[in-house]
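Notes follow once the structure below has been shown.
The values are calculated or read from the model by the stated rules, or taken from the named source; none is laboratory data. Everything numeric in this text was worked out from a predicted model, so none of it was measured. Don't worry about glycine lacking a Cβ; one is built from the backbone with ideal geometry, like all the others, and counts go over all protein chains shown.
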Amino acid sequence: MKKLTIFEKKRLLTFLIFISSISYFGLFVDTDYYYMSPGPPYEWDITIDSAISYETEGNLYQLTVRRDVANYLLYSWAFLSDSVDLYPKEVILPKGVTPSELSQISLQNMQTSENVAIAVALNSLGYEVQSEGDGVLVVGILDDSPVRDKLQKDDLIISISGEKEVIYSINSSTQFISLLRTFSIGETVSIGIMRNDENIQIETQLIEHIEYKNEPMVGFLASTPNQRFVFPINVDIDTGSVGGPSAGLMMALNVYNKLIEKDITNSTVIAGTGTIEIDGSVGPVGGVKQKVIAAKRAGATLILVPTANYEDAKPFEDKETLVVAVNSFDNALQVISEYSSR
């Protein structure tokens, strides 16, 4: 075997150092972007006490995405992969909110979504569920929001009224989101706030949601302090470390399916995504492209998406996979029933 000369060894060492530097830079230096890629489908482990529950043969998968700060390697990969998208940090991380706070908010939103999903499923089955909270807490404000100079972090929203001057009391973020959908983009609303024990009124125009077409928004990140549900039976959903509100629809469907004798899937593989509000309405989610890709990889033949996300999901439909838009829990049940009974 031929030995390397001193010159060749120096060239090899220089090359190795260069490759190591590029690798280190790509793996450990972050960009100003977040990446979003398909995550694993979940089927929650649900425990029900004080009521008969049933096993199912089909699947009702909740779809997820992987979302994190993109290093330069992932940033580059996003330009080569059709399943990965990039978002500027300010779109994902509102001003004044740290990444750790965002993670905590995401887990809180999942907890709220879990409780609302259980409530929707139980209400649909005739159970009586009571819910209350202390309002809507402002935990972050988007840079381009029209309320960036009107709202402050830790403001507590307690009411909202529109041009019809009907005042609605607010006790939770899910109720607030449901009410927002009754207003129009561009409509001026009056929001009642508690700030340092003082009652304040602000006015603002609703803008289009930064992620969801035709959805009105105010432009802040919210949570519900002390949201409480009183359930007639004990239902526990093991959500693990998954965060965010987009699992609501599928959690509600899974709880419902566990509490009825006939499996609504009829042994088919169904997947979906969508937020759920206390009135059963289904709201839009982020990363629908990645979620539909994940559903197809999992072998789903029916994919449920919120009506507001349908146009982004529709192009991924093919002979083996049907993509259907739903706007409510009852609508989703109807679609599944018609599909699984074919």
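The residue that is nearest to His209 (Cα to Cα), among those in the range 73-106 that are part of a helix (DSSP H, G or I) and of a type in the set (Gly, Ala, Ser), is Ser106. In the range 73-102, which residue that is over 16 Å from Phe220 (Cα atoms) and of a type in the set (Ser, Thr, Tyr) is farthest from the chain's Cα centre (by Cα)? Top of the filtered list is Ser76. Taking the numbered list (1) farther than 26 Å from Pro306 by Cα; (2) in a loop (DSSP other than H, G, I, E, B); (3) in contact with a Phe, Trp or Tyr (Cβ under 7 Å, 6 or more places away or on another chain) in turn, Ser145 passes all entries but (1).
If only one of Asn214, Asn234, Asn226 is in contact (Cβ under 8 Å) with a residue 60 or more places away in the chain, on the phi > 0 side of the Ramachandran plot and in contact with a strand residue (DSSP E or B) (Cβ under 8 Å, 6 or more places away or on another chain), which one is it?
Values: Asn234 fails: on the phi > 0 side of the Ramachandran plot; Asn226 fails: in contact with a strand residue (DSSP E or B) (Cβ under 8 Å, 6 or more places away or on another chain).
Testing whether each residue is in contact (Cβ under 8 Å) with a residue 60 or more places away in the chain, on the phi > 0 side of the Ramachandran plot and in contact with a strand residue (DSSP E or B) (Cβ under 8 Å, 6 or more places away or on another chain) leaves just Asn214.
Looking only at the range 209-245, residues that are more than 17 Å from the chain's Cα centre (by Cα), among the aliphatic types (A, V, I, L, M) and surrounded by fewer than 20 Cβ atoms within 10 Å (Cβ to Cβ) come to 2 in all. Leu142 passes every criterion in (1) surrounded by fewer than 18 Cβ atoms within 10 Å (Cβ to Cβ); (2) in contact with a helix residue (DSSP H, G or I) (Cβ under 9 Å, 6 or more places away or on another chain) apart from (1). Could you please let me know if Tyr35 is hydroxyl-bearing (Ser, Thr, Tyr), within 30 Å of Asn257 (Cα to Cα) and within 23 Å of the chain's Cα centre (by Cα)? Spelling it out, it is not the case that Tyr35 is hydroxyl-bearing (Ser, Thr, Tyr), within 30 Å of Asn257 (Cα to Cα) and within 23 Å of the chain's Cα centre (by Cα). Of the strands (runs of 3 or more DSSP E) contained entirely in the range 148-203, those carrying at least 2 residues that are buried (at least 19 other Cβ atoms within 10 Å of the Cβ) and in contact (Cβ under 8 Å) with a residue 24 or more places away in the chain fall at 156-161, 188-195. Out of the residues in the range 209-245 meeting the condition of being assigned to a loop (DSSP other than H, G, I, E, B) and of a type in the set (Val, Ile, Thr), tell me which one is farthest from Leu180 (Cα to Cα). Restricting to residues being assigned to a loop (DSSP other than H, G, I, E, B) and of a type in the set (Val, Ile, Thr), the top hit is Ile233.
Which of the following residues is closer than 23 Å to Ser103 by Cα and either among the hydrophobic types (A, V, I, L, M, F, W, C) or in the same structural domain as Leu107 (by TED's automatic domain parsing) (or both): Ile141, Ile193, Ile158, Ile207?
Working: Ile193 fails: closer than 23 Å to Ser103 by Cα; Ile158 fails: closer than 23 Å to Ser103 by Cα; Ile207 fails: closer than 23 Å to Ser103 by Cα.
Sole residue among the options that is closer than 23 Å to Ser103 by Cα and either among the hydrophobic types (A, V, I, L, M, F, W, C) or in the same structural domain as Leu107 (by TED's automatic domain parsing) (or both): Ile141.
Remark: Asn109 falls outside the filter, which requires a residue to be of a type in the set (S, T, N, Q), modelled with pLDDT of 90 or more and assigned to a helix (DSSP H, G or I). Scanning the range 48-72 for residues that are hydroxyl-bearing (Ser, Thr, Tyr) and either under 23 Å from the mean Cα position of the chain (by Cα) or part of a strand (DSSP E or B) (or both) yields Tyr61, Thr64. Within the range 128-138, the set of residues being buried (at least 16 other Cβ atoms within 10 Å of the Cβ) and of a type outside the set (A, V, I, L, M) comprises Ser131, Gly133, Asp134, Gly135.
Pairing residues of the range 46-74 that are over 23 Å from Glu114 (Cα atoms) and in the same structural domain as Thr273 (by TED's automatic domain parsing) with residues that are at pLDDT below 85 and β-branched (Val, Ile, Thr), at Cβ distances under 8 Å and at least 6 apart in sequence or on separate chains, gives Val69/Thr31; Ala70/Thr31; Asn71/Val29; Asn71/Thr31; Tyr72/Val29; Tyr72/Thr31.
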